[in-house]
1. Of all residues in the stretch 229-253, how many are touching a residue at least 40 places away in the same chain (Cβ under 8 Å) and either acidic (Asp, Glu) or surrounded by 15 or more Cβ atoms within 10 Å (Cβ to Cβ) (or both)?
2. Kindly list, by first and then second residue, each pair from a residue in the stretch 196-211 that is of a type in the set (D, E, K, R) to a residue that is surrounded by fewer than 23 Cβ atoms within 10 Å (Cβ to Cβ), limited to pairs with Cβ atoms under 6 Å and residues at least 6 apart or on different chains.
3. Out of the residues in the stretch 32-48 that are within 36 Å of the chain's Cα centre (by Cα) and either open to solvent by 40 Å² or more (accessible area, probe 1.4 Å) or modelled with pLDDT under 90 (or both), state the one that is nearest to Leu148 (Cα to Cα).
4. Out of all the residues in the stretch 117-143, which are of a type outside the set (D, E, K, R), in a loop (DSSP other than H, G, I, E, B) and in contact with a strand residue (DSSP E or B) (Cβ under 6 Å, 6 or more places away or on another chain)?
5. Contact list please: Cβ distance under 7 Å, first residue in the stretch 257-276 and touching a residue at least 24 places away in the same chain (Cβ under 8 Å), second residue surrounded by 11 or more Cβ atoms within 10 Å (Cβ to Cβ) and part of a helix (DSSP H, G or I), pairs at least six apart or on different chains.
6. Just checking, does the stretch 101-116 include any residue being open to solvent by less than 10 Å² (accessible area, probe 1.4 Å), acidic (Asp, Glu), over 28 Å from Gly35 (Cα atoms) and in contact with a strand residue (DSSP E or B) (Cβ under 7 Å, 6 or more places away or on another chain)?
7. State yes or no: is Leu66 farther than 20 Å from Ile210 by Cα, open to solvent by less than 20 Å² (accessible area, probe 1.4 Å) and not basic (Lys, Arg)?
8. Quick one: is Asp29 crowded, with 19+ Cβ neighbours inside 10 Å and either in contact with a Phe, Trp or Tyr (Cβ under 7 Å, 6 or more places away or on another chain) or in a loop (DSSP other than H, G, I, E, B) (or both)?
Amino acid sequence: MNTDFEENSWVINYSPDNYYNRKFSLQEDMQLSKGDKSITWVNTYGLEYMDEFRQMVNENGLDDFLLRLLLNQKMGNKVIVLEDQLFIAARILKTEHDSMESEQMYFVVSKDFNWCIQEMWGDHFDWIRQRIFENKGIIRKKKADYLLFFILETLITNYKEKYEDIVVMENALEALVKREPTPEFMFEVEQKKALIQEFKKASHGLRDIIIRLERVEIKGFQTKYFSELREQINGLITDIDSDIMELESQINLFFSVQGHRLNEVMKTLTIFSVVFIPLTFLAGIYGMNFEYMPELQWKNGYFILLGLMLVVTIISIIIFKRKKWF
């Protein structure tokens, strides 16, 4: 009967001449190094199979320190050289869905095998499998270091595609100035900023791994492939930094536009207030109920007061015009 480990593990063995692809068997596929020119790629989904991990380590004569490393399921990003093997821990963004969860991923790599352990289900590397099955390019003629190069390149490509798909910067001023500073809008902005920061953090983690891989010295392990990856991830990080600056610029522009709108409203209200203050003063004086007010006996007093109010209004408007208040 198959164990859960076997149900959640697959093995691909390939050489320039042939390959096989099947579910992993503890009886048949335990030996990672076949002793020939073939490369073995084991993919395991799940981090809870410590008994099977221990069996794999012991049967293949791997460094016991691997077990301690595999126990730490929140390791983050690490590159550790163990005798003739390379241990890589990477915190990866899952790009299959919009939730943008992260998962821990481990790689145990030697010159003729690559054991990949993923925390969650998810197929990042199907296109690599297709190249192996269809014998495209030179992947079946290369060792496990080239397979690792392809795997890391796939992660970078997935980041780029997902980033371009869901992080779209609004460049149109017209679209921006029509928005109102509602709580919903501010929440949307904060979500976008948090999403960009998640991509930036994950990309920096991959770059750190790639830089360390460039410095690795293991027999039969070529580091020349990873210089190209460093250029790719640097390009992605540059794009992310540029988008962060653009987003900050748009936010500042948005609030500048909103501030200008508020200033215009306040200016209009101020002009009306200044115009009506003297009129209110005049109306207040002649609205008092004193018995002896000389102007109250004027035959044309009412019209004189209205005329005075009109003159005051015109003078105020002329002054505002000269000061270019409107």
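1. Total satisfying the criteria: 13.
2. Lys200/Ile240; Asp208/Asn77
3. Among those that are within 36 Å of the chain's Cα centre (by Cα) and either open to solvent by 40 Å² or more (accessible area, probe 1.4 Å) or modelled with pLDDT under 90 (or both), it is Leu47.
4. Met120, Trp121
5. So the pair list comes out as Val257/Val177; Ile271/Phe320; Val274/Ser316; Val275/Thr313; Val275/Ser316.
6. Scanning the stretch 101-116, I find at least one residue that is open to solvent by less than 10 Å² (accessible area, probe 1.4 Å), acidic (Asp, Glu), over 28 Å from Gly35 (Cα atoms) and in contact with a strand residue (DSSP E or B) (Cβ under 7 Å, 6 or more places away or on another chain), so the answer is yes.
7. It is true that Leu66 is farther than 20 Å from Ile210 by Cα, open to solvent by less than 20 Å² (accessible area, probe 1.4 Å) and not basic (Lys, Arg).
8. yes
The values are calculated or read from the model by the stated rules, or taken from the named source; none is laboratory data. All figures in this text were calculated on a predicted structure; none of them were measured in a lab. Glycine gets a Cβ as well: all are built from the backbone with ideal geometry, and neighbour counts include every protein chain shown. Areas reflect the complete protein model, heavy atoms only, side chains present, ligands, DNA and RNA absent. Shrake-Rupley method; radii C 1.70, N 1.55, O 1.52, S 1.80 Å.
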